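Asker: Let me begin by handing over the structure; questions about it come next.
The values are calculated or read from the model by the stated rules, or taken from the named source; none is laboratory data. Remember, predicted model here, so these are calculated numbers, not experimental data. All Cβ positions, glycine included, derive from the backbone under ideal geometry; neighbour counts span all protein chains shown. These accessible areas exclude ligands, DNA and RNA; they are computed on the full protein's heavy atoms, side chains included. Shrake-Rupley method; radii C 1.70, N 1.55, O 1.52, S 1.80 Å.
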Amino acid sequence: MIRSRRVQLVAVLVATLLVGAWHWQNDGLWFQGDAPRHAATGLFLWDLLTTLPDHPLDYALSYFARYPVLVLGIYPPLFHAVAGVAFGLFGPSPWVARGLVLACSGLAGVYVLLWGRRWIGPLAGWAGVCTVLLPGFVRYSNVVLLNVPATALGLASLYHFQAWLADERGRDRLAFVAYGLAAVLTYYPGGIVLPVAMAWLLLSTNPLRGRFLLMISVLIVVGVVALAVTVPDHLARQLPSLARLTSAVNWTFYGVRVPAVVGLWWVALAAVGAVVGLWSRTYRTVTLRLVVAMAAVIVCLALLPARDERYALVLGPLLVLTAFVAIVAAVEASGRRQRLVATAALVVVLAASLQAARGTAVPRATGFDDAARYLVTAGPTDAVLYSGIYDGLFTFYVRAMDPGFARRVALAGRVLYQYKQAVDFTWVETPHVTTPDEVVTRLGALGCRWVAVEVGAEASLPMTERLLRQALAGPPFDRVASFPVTAGPVTRVDLYRFDGPLEPAPPMDLMFPSFTQRVFRDVRPVTAGQ
């Protein structure tokens, strides 16, 4: 029974549902500022598809002028498009987008299951369940980010690539290309599957390996050229550099973080599996591929300028599969006691995985929807200036509760100052106001009746944000409501009403430094039916 594929598939489903159920109250928007921006971009694409404007670029700019949290151009569009369709079917709820990410975690578990059963042994199908329960997967399958979807699609692509190398079936070749393309169109780092495939081809004796090496090389070159043409500034920040291989921190960073993402005991068991597998003739081929894949991933991560533990998620399934080489080898070496040893090993592994998963803390950011809901009745057609870390989360909820495009959000980080990352990822502030009086004048000129301000993270605020808070202490501002929130250092959101004279919202100039140096002039906020 424990070797049954059907039982293992059901177990993957149950594990996925458990991970979602343990954190069912989490809306998945806690990661600032990417998570709510991915969700908002999904809403935009649905609006774009259902509106079909004559000038899509003008529509996108007008949409951004009303809800300034889109991430067009910086990220590929596949996940956003799928999320948009899901929003259209089930409504603009963040739990819809979070559910898609959770489903991708289940997809990763299924492909790890198939991978383990085919190249290690039937018992190794349980690696799929253990993958879903990894601490990193638990954390990042409960947030609207692209890492888990890209990891799942990348694993599927590599599975079919191995199957093509083994059987040379055309459907596996097509599946490899389709899943690999989907991974890249979900998240640019999803292209890490291509260097792994190239490394495997170098180890392969397949007579067609030269053709596929050429094809993959062409795909990499075409992809880089396409990015250089469409998003040159973004590529300049993310472009790999051989010089980074000489930096110790690029190697040690993931050495420290991966055990937290996977679990130290999985790393130790995978080390045993690597030794046992490379020593054994039976498991040498599959172990060598796993080790080479992990090495290729680590080298690619070391080449990148940005570093984050979630970029290394793909190492989790590879380590679990390598660990199962040791487990399966131990079971087969136990002779007549195979059934007993297999059952005992599985019970221990699943119990430890469940305990680690249940104990994984997933951050939450709650209460911001209450502030957005207040404005539905208090300011149904007004504009609000938002000041704080969680501007994306607040703006998503404003848009989700504004089907008629009647309200508008302005971000302090755009209208009072510009705060952006340079090529080296350092933050640079360029103020547009220098005194509290200038803040009042600018808010009146922008037509902002409301100001929402986070309380609790003042120490990390840019200087211009402090000018805003000085202005709010006096007339013409009245604090009308406070909303308790749970979000890192932020404890509440204070809502102020601006009682001074307001001018009609003027057209605005928009810049997107990560996408283009072009300035888009005189953009007006989108309206219903536009």
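Asker: Please state which one of Phe161, Phe137 is assigned to a helix (DSSP H, G or I), on the phi < 0 side of the Ramachandran plot, open to solvent by less than 10 Å² (accessible area, probe 1.4 Å) and touching an Asp or Glu at 6+ places or on another chain (Cβ under 8 Å). Before you say what the answer is, go through the steps one by one.
Answerer: Numbers: Phe137 fails: touching an Asp or Glu at 6+ places or on another chain (Cβ under 8 Å).
Result: Phe161 is the single residue among Phe161, Phe137 that is assigned to a helix (DSSP H, G or I), on the phi < 0 side of the Ramachandran plot, open to solvent by less than 10 Å² (accessible area, probe 1.4 Å) and touching an Asp or Glu at 6+ places or on another chain (Cβ under 8 Å).
Asker: Taking the conditions exactly as written (surrounded by fewer than 21 Cβ atoms within 10 Å (Cβ to Cβ), among the aliphatic types (A, V, I, L, M) and out of contact with any strand residue (DSSP E or B) (no Cβ under 9 Å at 6 or more places or on another chain)), does Leu52 satisfy them or not?
Answerer: Values: surrounded by fewer than 21 Cβ atoms within 10 Å (Cβ to Cβ): yes; among the aliphatic types (A, V, I, L, M): yes; out of contact with any strand residue (DSSP E or B) (no Cβ under 9 Å at 6 or more places or on another chain): yes.
Yes.
Asker: Let me ask you something else. Check Glu503 against each of (1) assigned to a strand (DSSP E or B); (2) open to solvent by 80 Å² or more (accessible area, probe 1.4 Å) and name the one condition it does not meet.
Answerer: For Glu503, the failing item is (1).
Asker: Moving on to the next point. Give Ile74, Ile2 a once-over and let me know the one that is over 12 Å from Val526 (Cβ atoms), more than 25 Å from the chain's Cα centre (by Cα) and surrounded by fewer than 22 Cβ atoms within 10 Å (Cβ to Cβ). Please lay out each step first, then the result.
Answerer: Numbers: Ile74 fails: more than 25 Å from the chain's Cα centre (by Cα).
So the residue among Ile74, Ile2 that is over 12 Å from Val526 (Cβ atoms), more than 25 Å from the chain's Cα centre (by Cα) and surrounded by fewer than 22 Cβ atoms within 10 Å (Cβ to Cβ) is Ile2.
Asker: Something else now. Name the residue, out of Val362, Val325, that is farther than 30 Å from Val480 by Cα, in a loop (DSSP other than H, G, I, E, B), under 32 Å from the mean Cα position of the chain (by Cα) and in contact (Cβ under 8 Å) with a residue 60 or more places away in the chain.
Answerer: Values: Val325 fails: in a loop (DSSP other than H, G, I, E, B).
Matching residue, one of Val362, Val325: Val362.
Asker: Continuing with the same structure: For the structure I just gave you, tell me whether Leu102 is at pLDDT 95 or above, assigned to a helix (DSSP H, G or I) and open to solvent by 30 Å² or more (accessible area, probe 1.4 Å).
Answerer: Numbers: at pLDDT 95 or above: yes; assigned to a helix (DSSP H, G or I): yes; open to solvent by 30 Å² or more (accessible area, probe 1.4 Å): no.
Judged against the criteria, Leu102 is not a match.
Asker: Thr377 - would you say it is closer than 30 Å to Asp402 by Cα, free of Cβ contacts under 8 Å to residues at least 24 places away in the same chain and either open to solvent by 10 Å² or more (accessible area, probe 1.4 Å) or part of a helix (DSSP H, G or I) (or both)?
Answerer: On the way: closer than 30 Å to Asp402 by Cα: yes; free of Cβ contacts under 8 Å to residues at least 24 places away in the same chain: yes; either open to solvent by 10 Å² or more (accessible area, probe 1.4 Å) or part of a helix (DSSP H, G or I) (or both): yes.
Here the answer is yes, as Thr377 does meet what is asked.
Asker: Now for a separate question. For residues in the range 484-497 being of a type in the set (A, V, I, L, M, F, W, C) and under 28 Å from the mean Cα position of the chain (by Cα), which is surrounded by the most Cβ atoms within 10 Å (Cβ to Cβ)? Let's see the steps before the verdict.
Answerer: Narrowing the range 484-497 to residues of a type in the set (A, V, I, L, M, F, W, C): 485, 487, 490, 493, 495.
Among the residues that remain, those that are also under 28 Å from the mean Cα position of the chain (by Cα) are: 485, 487, 490, 493.
On the way: Val485: 25, Ala487: 24, Val490: 20, Val493: 27.
Among those residues, the one meeting the criterion is Val493.
Asker: I'd like to verify a number: residues in the range 386-405 that are surrounded by fewer than 22 Cβ atoms within 10 Å (Cβ to Cβ), farther than 14 Å from Ala65 by Cβ and among the hydrophobic types (A, V, I, L, M, F, W, C), how many?
Answerer: 3
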